[in-house]
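Novice: Please find one structure pasted underneath; my questions will follow.
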Amino acid sequence: MRAWRLLLHVLPAALREAQGGEITAMFARDLAAARGPARVGVIVAAVADLLWNAVLAHVETTTRDLTEVWRSARRAPAFAMSIVAVTALGVGAVTATFSLADHVLVRPLPFAAPDQLVKLWQDQTARGYSRMELSPGNFEDWRRQSTSFQSMSAYAASSMNAMTPDGPVRMDTAQVTAALFETLGVGAALGRTLFAADGATTTTPPVVLSDHLWRSTFAGSVDVLGTTLTLSGTAHVIVGVMPPWFEFPTRDVDLWLPLRFAPADLEDRSNVYLRAVARLRPGVSIAQARADLNAVAAGLARAFPEAND
């Protein structure tokens, strides 16, 4: 009987309070009158009848509530619209908040061993900036002199005019050092990513396409590899296509091309525009990596005091 009373909660609360005692008494009387296997039949029939009546009761209650809501809305349409608008805003805000929290706090990064990935910043608190982008010269010195990382890579977002089969198009691009894809642990879905040799200024620059650009502009053809794409007047050879889920540094990036440093870029330590990511060596903690880079930065501050104070 305890299980039966719990089952009564499938009924609407008002109906359960009004008729729950009578329904329970009828069930107890039928169950007491039955003997042997007949008791199982009584239980099955009573449960089926209860569930069916619960469905009918909920449908009736919902219909009655909706009818009353409709009548109220017709009597005061402005008030009803304001309620709908507020509810829509509330639902939208909750949905947006959940989506953001899901992507930022819940889902792991879609890269190999994401707990080893770190983002690198320049700290120039003396100038009012606790987190600042890097100069090419500092980045290269950090990469060469630090010992805490398997790989270190830099990138800079930009936009370029591209000559496509459909005419000129403005595209969001990311100029990256060749180690970026190795650092993130991501390979191309078609063709290849970037090699270290791609950074040489004497070679024809390659370009790696995003999946959405490959499908929308090149019809998803595998023959796109080896063809050229002109970006801001310079011909680039298409060497690869990334997986559909790869969106770095933002979901709007259409393609990736090598980040090339001229000698003057490496000399100007005050030209800070690079963002950097690195992969820790196994067993190296954040504290150890920070101490490692602090030692490198101290040497650079002595060597280049004007820009690295």
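Novice: Residue separation times 0.36 nm, minus the C-alpha to C-alpha distance between V55 and V40: what's the value? Before the final figure, lay out the partial values.
Specialist: Numbers: separation 15, 0.36 × 15 = 5.40 nm, distance 2.28 nm.
The V55-V40 span can extend by a further 3.1 nm.
Novice: Charges only on Cβ, +1 for Lys and Arg, -1 for Asp and Glu: so what's the dipole of region 22-94 about the Cα centre, in debye to the nearest 20? Please report the intermediate quantities before stating the final value.
Specialist: Details: 7 positive and 6 negative charges, 14 e Å.
So the dipole magnitude of region 22-94 works out to roughly 60 debye.
Novice: Hey, another quick one. How long is the gain from R71 to V10 if the chain were fully straight, where each residue apart is worth 0.36 nm and the alpha carbon distance is subtracted? Mind dumping the intermediate values first?
Specialist: Values: separation 61, 0.36 × 61 = 21.96 nm, distance 2.82 nm.
My answer for the length gained is 19.1 nm.
Novice: Work out from phi, with θ = phi - 60° and the Karplus expression 6.51 cos²θ - 1.76 cosθ + 1.60, the ³J(HN,Hα) of each residue of region 292-297, listed in order in whole Hz, and give x for Gly and Pro.
Specialist: Each residue of region 292-297 in turn: 4, 5, 4, 5, 5, 4 Hz.
Novice: Then there is this: FRET efficiency for M132 and T250, Cβ-Cβ distance as r, R0 = 22 Å, nearest 0.05? Kindly include the intermediate steps, with their values, before the conclusion.
Specialist: Details: r = 20 Å, r/R0 = 0.90.
It comes out at approximately 0.65.
Novice: Using heavy-atom solvent-accessible surface (probe 1.4 Å) with all chains present, what is the largest-first order of S270, S158? Before the final figure, lay out the partial values.
Specialist: Working: S270 80, S158 40 Å².
Solvent-accessible surface, decreasing: S270, S158.
Novice: Is the shape of region 1-113 rounded, prolate or oblate, going by the alpha carbon gyration tensor and its root eigenvalues a ≥ b ≥ c, with a/c under 1.5 for rounded and a/b larger than b/c for prolate? Walk me through the numbers on the way to the answer.
Specialist: Numbers: a/c = 4.50, a/b = 1.57, b/c = 2.87.
Judged from the Cα gyration tensor, region 1-113 comes out oblate (a/c at least 1.5, b/c at or above a/b).
Novice: Further question on the same structure: Taking all protein chains together and a probe of 1.4 Å, list Y273, Y129, Y155 from the most accessible to the least accessible. Walk me through the numbers on the way to the answer.
Specialist: Details: Y273 80, Y129 120, Y155 15 Å².
Heavy-atom accessible area, descending, gives Y129, Y273, Y155.
Novice: Between L100 and D265, with labels modelled 7 Å along Cα→Cβ, what's the label distance in nm to one decimal, could you check?
Specialist: In this crude spin-label approximation the distance works out to 3.4 nm.
Novice: What order, most packed first, do the peptides 138-146, 52-60 have when packing is the mean number of other Cβ atoms within 10 Å of each residue? Could the numbers behind the result be given before it?
Specialist: Values: 138-146: 18.6, 52-60: 13.0.
Per-residue Cβ counts within 10 Å, averaged per peptide and sorted highest first, yield 138-146, 52-60.
Novice: Ignoring ligands and nucleic acids, what accessible area does M163 show with a 1.4 Å probe (Å², nearest 10)?
Specialist: Taking all protein chains as shown, M163 has close to 110 Å².
Novice: On to the next question. State the label only: which of [x] 25.8; [y] 20.5; [z] 23.8 corresponds to Kirkwood radius over Cα pairs in Å computed from the shown model?
Specialist: [x]
Novice: Residue separation times 0.36 nm, minus the C-alpha to C-alpha distance between Q19 and A298: what's the value? Kindly include the intermediate steps, with their values, before the conclusion.
Specialist: Values: separation 279, 0.36 × 279 = 100.44 nm, distance 8.10 nm.
That pair, Q19 and A298, stretches by 92.3 nm at full extension.
The values are calculated or read from the model by the stated rules, or taken from the named source; none is laboratory data. Here the structure is a predicted model, which means the values were calculated and not measured. Quick reminder, even Gly has a Cβ in these numbers, built from the backbone with ideal geometry, and neighbours come from all protein chains shown. SASA here: full protein model, heavy atoms, side chains in, ligands and nucleic acids out. Shrake-Rupley method; radii C 1.70, N 1.55, O 1.52, S 1.80 Å.
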